[in-house]
Amino acid sequence: MWRKLRKQGSNWCCRIGLGLAIGTVLIVLASNNRCVDRSYHYQALAAEEAPLYSEEMQIQVELERLAGEDPLGLLRLAQESYHKSVRDYTCTFIKQERINGHFKDPEKIRVYFKEAPFSVLMNWQEPKGPVDTLLYVEKDGNKTILVHPAGLAGLLVRTVRRDIDDPRLKKSSLRTPAGFGFGRVLDDMVSTYEEADKNGDLVIEYLNSKVLDGRECLVLRRKLPMDKGYDTLYAVLYIYLDKEYLLPTRTEGFDTAGNLISRYRYLDVRFNRGLTDQLFSPRANGLDG
C-alpha cells in the first residue's frame, strides 16, 4: 500500500461516506516514525461487522470501493495524503506530447523535485533534444526557468533564461515546470473537477485495476466538455492511481476527436530523500545564476 510515502507525521483521519452496506468507513493513517523505509501503520475499521482481512487487503478493498462509489473523493484523499506526506522525491519521468499537431517521441528525463521551496530539476537522458538540463525554483518572487542547451549550442551558450509565462515555451511543451509534480497536478484536478461537478458537467468513473510498469493501479476515466471554460487540455483523461503510493503515476489525455494529446509516466519514484536547496542551485548544475 502506501508504506513508502511517510517517514513521520501526526495521526490523521479521513471519513468517507460510501453509502455501502457496511456503513461509514474510517481510514486511519498513523505514522510509526521508523527512519529507514518511511513505513507506517494503517487500519480500516467498519461501522458494522465485516469479514476479517489483513490490513493490506482491507485497505485495498476500501480503496477500490471508494474508486467505484466516489472517484472524486478518492482524488481528494490522494491530494490530502500527498500534502501531508511528501517533502521531496526523485523519479524517471517519461513525457510524450502532441505539439503543433505532431505527437513527439518519448522523452526520458531524470527528475529531482522539492516542495518547499517549489523546485524542479530535470536532466534529459534520451533522446537528446534542444536542452539537456532545466532548473526552476520558486523563491523570493523568482519565476525564471534556467536551461542548458544540448549539443553544440551548449558549448557556445551556458545558460538560457525564460520567464515562466514566456509564450515561446508552448512551442516545445504543453506545460511549464510551474505545473509539474504530483501535488500541483492533484490540486488542479480536484479544483477543476469540483467546479465541474457542481455544474453537473463532470463524468468520472472507475474502470478497473491494472498492472502497468510493474505497478498495480486504479484506472479512472474522466470526461469534461471543452466548450465551458474549464481549466483542462483534455476532453477525456485516463488517470492511473498507483495503489501503493495513491498518486497518479500515469495519465493519458485525449481531445474530442479521440486523438492522444499527452502521455506522462513516473517511474522509479523515491520519496522523502532529503534533497537539499544546494542541489537546486544554478552553480551545482553548471548554470549561471
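The values are calculated or read from the model by the stated rules, or taken from the named source; none is laboratory data. What you see is a predicted model; the values in this text were computed from it and never measured. Cβ coordinates were reconstructed from backbone atoms using ideal geometry, including for glycine residues, and neighbour counts include every protein chain displayed.
Computed values, structure above
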{"quantity": "Residue in region 139-156 that is under 25 Å from residue 127 (Cα atoms) and in contact with a His (Cβ under 7 Å, 6 or more places away or on another chain) present", "calculated": "yes"}
{"quantity": "Residue that is nearest to the chain's Cα centre (by Cα) [pool: residues in region 122-148 that are surrounded by 13 or more Cβ atoms within 10 Å (Cβ to Cβ) and not in a strand (DSSP E or B)]", "calculated": "138"}
{"quantity": "Options 237, 279, 224; residue that is over 30 Å from residue 199 (Cα atoms) and modelled with pLDDT of 95 or more", "calculated": "279"}
{"quantity": "Selection within region 169-178 - under 26 Å from residue 284 (Cβ atoms) and not aliphatic (A, V, I, L, M)", "calculated": "172, 173, 175, 176, 177"}
{"quantity": "Hits in region 214-234 (condition: within 19 Å of the chain's Cα centre (by Cα) and either surrounded by fewer than 15 Cβ atoms within 10 Å (Cβ to Cβ) or in a strand (DSSP E or B) (or both))", "calculated": "214, 215, 216, 217, 218, 219, 220, 221, 222, 223, 231"}
{"quantity": "Selection count where residues are within 26 Å of residue 98 (Cβ to Cβ) and more than 23 Å from the chain's Cα centre (by Cα), scope region 149-170", "calculated": "10"}
{"quantity": "Subset of region 179-204 (residues that are surrounded by 16 or more Cβ atoms within 10 Å (Cβ to Cβ) and of a type in the set (Gly, Ala, Ser))", "calculated": "181, 183, 196"}
{"quantity": "Scan of region 189-213 for residues that are more than 17 Å from residue 247 (Cα to Cα), outside any loop (DSSP other than H, G, I, E, B) and more than 16 Å from the chain's Cα centre (by Cα), ordered by number", "calculated": "194, 195, 196, 197, 198, 203"}
{"quantity": "Subset of region 91-113 (residues that are surrounded by fewer than 16 Cβ atoms within 10 Å (Cβ to Cβ) and of a type in the set (S, T, N, Q))", "calculated": "92, 100"}
{"quantity": "Within region 235-248, considering residues that are more than 15 Å from residue 75 (Cβ to Cβ) and without any contact (Cβ under 8 Å) to a residue 60 or more places away in the chain, the one nearest to the chain's Cα centre (by Cα)", "calculated": "236"}
